[in-house]
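The structure under discussion appears below in the form of structure tokens.
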Amino acid sequence: MIMDKELAKKLLRQMMEIRQFEDMIMELLAKNIAEGGSHLYAGMEAVAAGVISMLKHDDYITSTHRGHGHAVAKDGDLKALMAEILGKKTGVCKGKGGSLHLADVSKGNLGANGIVAGSLGIATGAGLSMKLKKTGQIVVCFFGDGASNNGIFFECLNMASLWKLPVVYVCENNLYGMSVSVKRASAVEDLSKKALAFDIPSETVDGQDVLAVREAAGKWIEQARSGKGPSFIVANTYRYYGHSRSDTRAYRTREEEKFWRERDPIKIFSGRMEEQGVLTAEEIKEVEEFVAKEMEEAVDYAMKSPYPEPEELYTDLYV
Amino acid sequence: MREITYRQALNEALIEEMERDPDVFLLGEDIAVYGGAYGVTADLWKKYGDERVLDTPISENAIVGVGLGAALTGMRPVAEIMYIDFIGLCLEQLNNQVAKIRYMFGGKCTVPLTIRTEGGAGRTLGAHHSQSLESWLIHIPGIKVVMPATPYDAKGLLKSSIRENNPVVFIEHKMLYNAKGGVPEGEYTIPIGAAEIKREGSDVTLITYSKMLFACMEAANILEKEGISAEIVDLRTLLPMDMDTVIKSLEKTGRAAIVEEDCKTGGTGAEITAQIMEKAFDWLDGPVIRVAGEDVPMPKSPVLEKMAVPDVNKICAAARKLIKG
Ligand SMILES: Cc1ncc(C[n+]2csc(CCOP(=O)(O)OP(=O)(O)O)c2C)c(N)n1
Ligand SMILES: [Mg+2]
């Protein structure tokens with residue numbers, strides 16, 4: 001399939017935005033400019049970019065504790081996202097949420113979540129709302145392999161199938177939940193089988209291939225939109241960085257990391273676009289430089305932004 | 001005496017109890033090769049293997065439920081819930097099953113289960129990783145709730161908790177893991193349910209526990225220079241609560257400030273205040289003051305997070321108010 005140049009640029013830009021965003025956060029963490037912690041999405045870009053690029057602007061997503069990538073891809077404002085992670089007043093949640101709670105409801109992002117599997121209920125409920133209101137919108141629920149072992153996962157899949165809700169469940173299988181491999185945590189290693197118990201159709205895709213992700217997502221999003229109910233996509237992928245700063249990555253080998261880094265989603269896509277003559281090497285470089293500039297501006301904005309005023313401690317608790 | 005960290009003290013307690021009793025085993029998320037999110041179970045998996053150090057799936061409700069089942073049938077499990085913020089995910093098992101089963105069964109079973117968890121603010125991790133939820137737990141008859149502040153207390157109390165034949169929720173503080181303190185070599189335990197006077201004084205009693213102990217100690221130094229002598233009661237166990245020690249202190253000082261990190265409304269301090277009213281009203285020279293966390297979810301922003309919890313200034317202000325009216 002020969003691709004439209006603009007679309008190719010857009011996908012590339014989104015993936016590069018996510019990558020550079022995460023590399024930047026890593027740097028800010030190392031310099032103690034960003035406090036606390038962040039779970040970084042680097043390596044998994046093709047999943048967020050692939051799925052979200054198939055959504056309409058007013059479709060919803062729910063995200064995870066590893067939520068920067070989803071937030072960026074869902075029309076994220078890089079400046080406001082960066083400011084949020086630094087806890088600044090100009091952040092997308094006024095500095096009150098932080099990395100673990102990045103959300104932009106106006107853009108259909110119902111939020112990252114500090115609780116693993118914490119957003120499965122939200123996604124399923126949003127699907128119910130879309131169905132009751134007959135809006136034609138759909139919901140994509142992102143979660144990790146680890147989350148698929150939590151009780152609410154099973155409860156929600158059952159309800160979604162029972163009520164034929166327009167929800168696409170996207171399991172980002174990056175092989176580990178923190179330090180515990182899928183093998184050591186899930187009795188069923190082929191996670192797509194978990195959907196079978198609820199009569200939900202499922203598909204496993206190469207999560208490093210943005211076009212493969214788009215193809216699967218497109219199909220299941222359409223099915224959800226046409227009222228045929230939920231679906232389950234397992235995207236096989238990998239996170240490059242440790243789970244958090246203190247993670248020595250003792251549970252995985254450097255060879256395995258190398259294997260996955262060679263399957264880099266950005267390299268795979270840009271290589272293919274060049275090969276197919278959709279984008280030239282120059283054009284790819286231009287996108288990269290454009291994104292680097294965006295990122296510089298975002299960090300500059302975030303760092304120069306003030307912290308919230310003391311009164312903000314008590315606002316927003318109730319309407 | 002040698003100095004070790006709170007983390008090391010806990011680690012030692014686990015090793016000693018595992019050596020002492022083959023029925024003791026650990027289960028929880030990322031406690032094996034990772035050694036626990038805050039490193040408390042470091043190297044235990046290497047030492048004891050998969051049978052005694054079990055990495056679990058991310059299934060909090062089952063961790064507690066499985067812990068209960070094992071405890072009822074001859075084992076002595078130590079479960080880890082990574083953050084107390086996740087306690088809601090297992091509150092059903094904890095509240096309805098763990099806490100009540102012995103009573104409901106007419107005393108015909110015991111539940112030697114320890115649930116280790118950690119709480120508190122200070123790392124700007126936001127609303128889902130910074131809470132202090134101990135007051136939820138002291139509302140559950142049938143469990144014990146322990147919250148040590150120093151490495152010495154952490155070790156002695158964890159050993160007692162593991163040996164205890166009732167369920168114990170053992171709450172550590174995420175900002176204390178690297179704090180050092182004197183811990184003797186060799187065996188000792190500290191009884192559950194015993195508070196300790198951490199500093200003697202005569203004018204005002206600061207009643208506290210966990211990390212706030214250190215803010216109180218600092219405040220007491222400042223107050224001393226102003227001529228105010230503060231006595232500090234470290235509760236160490238919240239359920240059962242050692243009110244005798246609190247009352248004895250109030251007999252001396254007549255003034256009480258409770259310093260707690262949890263949200264003020266319905267918080268631990270509310271219970272302490274009520275018990276003081278019931279048991280020590282005659283000793284008081286004025287109203288009890290609570291210096292507590294603000295009634296808001298923990299904000300991410302570092303400036304707001306600092307405001308949301310008590311600090312030395314707020315404690316000093318409370319003590320001055322008690323003295324000067
Ligand atoms: C309910 C709950 N349990 C545990 C944690 C701690 N924790 C944060 S992320 C994580 C691993 C999640 O694994 P997975 O769902 O596979 O997502 P990934 O991090 O791999 O993207 C754990 C255990 C949490 N935040 N919430
Ligand atoms: Mg994972």
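Annotations for the structure displayed:
- Among the candidates A:GLY271, A:GLY277, the residue that is away from chain B (no Cβ under 14 Å) and assigned to a loop (DSSP other than H, G, I, E, B) is uniquely A:GLY277.
Here's the yes/no breakdown for (1) in contact (Cβ under 8 Å) with a residue 12 or more places away in the chain; (2) away from chain B (no Cβ under 14 Å); (3) within 16 Å of ligand 2 (Cβ to nearest atom); (4) among the charged types (D, E, K, R):
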{"residue": "A:SER186", "(1), (2), (3), (4)": "yes, no, yes, no"}
{"residue": "A:GLU203", "(1), (2), (3), (4)": "yes, yes, no, yes"}
{"residue": "A:GLU215", "(1), (2), (3), (4)": "no, yes, no, yes"}
{"residue": "A:GLY227", "(1), (2), (3), (4)": "yes, yes, no, no"}
{"residue": "A:ALA235", "(1), (2), (3), (4)": "yes, yes, yes, no"}
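- Among the candidates A:GLU283, A:GLU262, the residue that is more than 30 Å from A:ILE33 (Cβ to Cβ) and within 23 Å of the chain's Cα centre (by Cα) is uniquely A:GLU262.
- The number of residues in the range A:110-144 that are touching a residue at least 60 places away in the same chain (Cβ under 8 Å) and within 14 Å of another protein chain (Cβ to nearest Cβ) comes to 4.
- A single entry from B:ILE15, B:ILE63 fulfils the requirement of being β-branched (Val, Ile, Thr), in the same structural domain as B:MET82 (by TED's automatic domain parsing), over 26 Å from B:ALA99 (Cβ atoms) and in a helix (DSSP H, G or I): B:ILE15.
- Residues within the range B:84-123 that are outside any helix (DSSP H, G or I) and within 14 Å of chain A (Cβ to nearest Cβ), tallied: 5
- Note on the range B:169-191: residues that are surrounded by fewer than 22 Cβ atoms within 10 Å (Cβ to Cβ), touching a strand residue (DSSP E or B) at 6+ places or on another chain (Cβ under 7 Å) and of a type in the set (A, V, I, L, M) total 1.
- Qualifying residue in the range A:90-100 (condition: over 27 Å from A:VAL234 (Cα atoms), touching a strand residue (DSSP E or B) at 6+ places or on another chain (Cβ under 9 Å) and within 11 Å of chain B (Cβ to nearest Cβ)): yes
- Flag if A:GLY177 is under 23 Å from A:GLU256 (Cβ atoms) and of a type outside the set (A, V, I, L, M): yes
- B:SER160 being among the polar types (S, T, N, Q) and not in a loop (DSSP other than H, G, I, E, B): yes
- Screening B:LEU10 on (1) more than 26 Å from A:ALA187 (Cα to Cα); (2) within 12 Å of chain A (Cβ to nearest Cβ); (3) surrounded by 22 or more Cβ atoms within 10 Å (Cβ to Cβ) shows it passes everything except condition (2).
- Residues of the range A:231-246 that are not aromatic (Phe, Trp, Tyr) and not in a loop (DSSP other than H, G, I, E, B): A:SER231, A:ILE233, A:VAL234, A:ALA235, A:ASN236.
- Checked against the criterion of being more than 20 Å from the chain's Cα centre (by Cα), modelled with pLDDT of 95 or more and within 16 Å of ligand 1 (Cβ to nearest atom), the range B:77-92 has at least one qualifying residue.
- Note on the range A:146-173: residues that are in contact (Cβ under 8 Å) with a residue 60 or more places away in the chain and within 16 Å of ligand 1 (Cβ to nearest atom) total 7.
- Of the residues in the range A:92-99, at least one is crowded, with 24+ Cβ neighbours inside 10 Å and among the polar types (S, T, N, Q).
- Subset of the range A:188-201 [of a type outside the set (Asp, Glu) and either within 14 Å of chain B (Cβ to nearest Cβ) or more than 20 Å from A:GLU155 (Cβ to Cβ) (or both)]: A:VAL188, A:LEU191, A:LYS194
- Whichever residue in the range B:289-309 is touching a strand residue (DSSP E or B) at 6+ places or on another chain (Cβ under 6 Å) and assigned to a loop (DSSP other than H, G, I, E, B) and, among such residues, is nearest to the other protein chains (Cβ to nearest Cβ): B:ASP295
- Entry remark, the range A:156-176: residues being of a type outside the set (A, V, I, L, M, F, W, C) and either farther than 22 Å from A:GLY50 by Cβ or more than 16 Å from ligand 2 (Cβ to nearest atom) (or both) number 4 in total.
- Cβ pairs under 8 Å, 6+ apart, first in the range A:85-109 and in contact (Cβ under 8 Å) with a residue 24 or more places away in the chain, second assigned to a helix (DSSP H, G or I) and aromatic (Phe, Trp, Tyr): A:THR90/A:TYR301
The values are calculated or read from the model by the stated rules, or taken from the named source; none is laboratory data. Owing to the predicted nature of the structure, the values given are computational and were not obtained by experimental measurement. Note: ideal-geometry Cβ built from the backbone for every residue, glycine included; neighbour counts use all protein chains shown.
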